[in-house]
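Colleague: Quick one: the structure is below, and I'll ask about it shortly.
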Amino acid sequence: MSISNYRLQTKVRLQPLVLFQIISAYERRPKTAKMVVGTLLGRRDRCNDTIDITNCYAVHHKEQQIGDMEQFKLDTGYVGEMFDLNQVTYPQEKIIGWYTTGRTLSRSAAALHAFYSRECGDMQPLHLLVDTSLRGGRLTTRLYCAVTMGVPGGTRGLLFTHLPLLKVSTEGDEEVALRLMQNQALHPTKQLGRMLPELVHVLEATRELEQKLDLVMRYINDVLSRKRRPDNNIGRALHEALTSVPMLDADSFRTMFNANVRNMLMSITLASMIKTQMELSEKLSYLPDN
C-alpha cells in the first residue's frame, strides 16, 4: 500500500451528519468502552480528486488488557451486514475507511487498517480521529492515511500521515440547521429547537448579504482612494462573483420575479386543492351506502 492514492491536493469534504453520528455513538457507548470505532462511508471523485465522507455507523468491539498486551476484537460480521443494509438505500456510498474517538492514534490502528484495506478494495482507507474531550472548547478532527515504511526485504511497518485538507461541507437544509444551532448557542433562549418562520430566515439572509456588500464597497472605495493596497486574489474573486450574475435591467428583473412569484402561488393553490380533495374523498369513503 503506497501513498500514491492520495496527494496533498486531495480535497476531503466532511458532512456535518458524520460528526453528529460519531458524537451520538460516543455518548451512548458502554461504560467499559474507552473509545468508539466505526466505518466511514462516502464517495470518491477521481476526476476532480475529491473525497466526500457522507455517512458512518458504529461497530461493536471489545478491548481487553492481558498483561502488557492490549487485545482488540472487532465485530467484522456486523460491518458487512450494516454495509449491505446501507447499500439498499444509498448504493452510491462505499466504504472509504474508519473512525475512532480519542486524542491520539490507538494501538489498534494497524489492525484496523489491515481490515479496512480489504474492505476498501483498490482504495487506500482513511482514518478519521475525533477528539471528543473538547480540549479548548473545540471538537478537533484529524484525518490520516497509512504509508508503508521499512527496509526492503526486512521489517516493514505503517506510518500514519496527516491529510491537512479536511473541509466541512454544508449545503441546503444542513446549513439552515447548523445556523440555527449556532444562533441558539450564541444567544440561548427558553424555547429550545423552535424553528423560525421562513420569512424571518429570508430577512436574516438579506441583512447578512447587505453587510457583506457594504464590506465589499468599503474595500473597493479604499483601493480606489489608495488607502489600501489592492490584492489580486480578492480582485479575481470579485470579478468571478460579478460575472456569475446575469446582467438584467430593473424591468426585466421585476418581470422575472413576478412570474416566479405567480408560479409559486399557483403551486401552493394546487397543493391546497389536492389536499382538500383528498380529505373530502376520505370522509366520503366512510359514509354508509344506502
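Colleague: With a 1.4 Å probe and all protein chains left in place, how much accessible area per residue does the chain have, in Å²?
Modeller: Result: 73 Å² of accessible area for each residue.
Colleague: Here is a follow-up. State the percentage of accessible surface on the chain attributable to carbon and sulfur atoms; use a 1.4 Å probe and exclude ligands, DNA and RNA.
Modeller: Values: 12130 of 21080 Å².
About 58 percent, which is the carbon plus sulfur part of the accessible surface.
Colleague: Collect residues whose amide H, placed 1.01 Å from N in the peptide plane, falls under 5 Å from the amide H of PHE160; neighbours closer than 5 in sequence don't count.
Modeller: VAL147
Colleague: Right, here's the next one. From the backbone phi of the range 146-157, what are the Karplus-calculated ³J(HN,Hα) couplings (6.51 cos²θ - 1.76 cosθ + 1.60, θ = phi - 60°) in whole Hz, Gly and Pro given as x?
Modeller: Coupling constants for the range 146-157: 8, 10, 6, 9, x, 8, x, x, x, 6, 10, x Hz.
Colleague: Under a no-solvent Debye model with one identical scatterer per Cα of the range 62-134, what's log10 I(q)/I(0) at q = 0.24 Å⁻¹?
Modeller: Log10 of I(q)/I(0), two decimals: -1.22.
Colleague: Please work out the ratio of the alpha-carbon Rg of the range 11-168 to 2.2 N^0.38 Å and round it to two decimals. Walk me through the intermediate numbers first.
Modeller: Details: Rg = 15.7 Å, N = 158, 2.2 N^0.38 = 15.1 Å.
Dividing the Cα radius of gyration by 2.2 N^0.38 Å gives 1.04.
Colleague: Here is a further query. Order these peptides, 242-253, 96-107, by their mean beta-carbon neighbour count within 10 angstrom, highest first. Intermediate values should be presented prior to the final figure.
Modeller: Values: 242-253: 8.8, 96-107: 18.6.
Averaged packing, sorted descending, gives the order 96-107, 242-253.
Colleague: DSSP loop trypsin sites (Lys or Arg not before Pro) in the range 195-284 with at most 14 other Cβ atoms within 10 Å of their Cβ, which ones?
Modeller: Details: sites: ARG207, LYS212, ARG218, ARG226, LYS227, ARG228, ARG236, ARG254, ARG262, LYS275, LYS283; in loops: ARG226, LYS227, ARG228.
Passing sites in the range 195-284 are ARG226, LYS227, ARG228.
Colleague: Where does the chain land at 222 nm, in deg cm²/dmol rounded to the nearest 500, when only DSSP H runs of n ≥ 4 count, each adding -39500 (n - 2.57), divided by all residues?
Modeller: Numbers: 7 runs with 127 residues, N = 290.
Estimated from H runs of four or more residues: -15000 deg cm²/dmol.
Colleague: Once both labels are modelled 7 Å past Cα along the beta-carbon direction, what's the TYR26-ASP231 spacing in nm?
Modeller: Taking the simple label geometry, TYR26 and ASP231 are separated by 3.3 nm.
Colleague: Further question: Let me know the charge dipole size of the chain about its Cα centre in debye, to the nearest 20, where only the beta-carbon of Lys, Arg (+1) and Asp, Glu (-1) is charged.
Modeller: On the way: 36 positive and 31 negative charges, 245 e Å.
Computed charge dipole of the chain: roughly 1180 debye.
Colleague: While we're here: Given 0.36 nm per residue, what is the gain on full extension from GLU204 to GLN65 after removing their alpha carbon distance, in nm? Don't jump to the answer; show the numbers that get you there.
Modeller: On the way: separation 139, 0.36 × 139 = 50.04 nm, distance 5.45 nm.
Fully extending the segment from GLU204 to GLN65 adds 44.6 nm.
Colleague: Sticking with this one: State, to one decimal in nm, how far the label point of ILE220 lies from the label point of LEU186, with both points 7 Å from Cα in the Cβ direction.
Modeller: 2.6 nm
Colleague: Arranged from highest to lowest average of other beta-carbon atoms within 10 Å per residue, in what order do the peptides 138-145, 11-18 appear?
Modeller: Working: 138-145: 16.1, 11-18: 18.4.
Going from most to least packed, we get 11-18, 138-145.
The values are calculated or read from the model by the stated rules, or taken from the named source; none is laboratory data. As the structure is a prediction and not an experimental result, all values here were calculated from the model. Glycine gets a Cβ as well: all are built from the backbone with ideal geometry, and neighbour counts include every protein chain shown. With ligands, DNA and RNA removed, areas are computed over all heavy atoms of the protein, side chains included. Shrake-Rupley method; radii C 1.70, N 1.55, O 1.52, S 1.80 Å.
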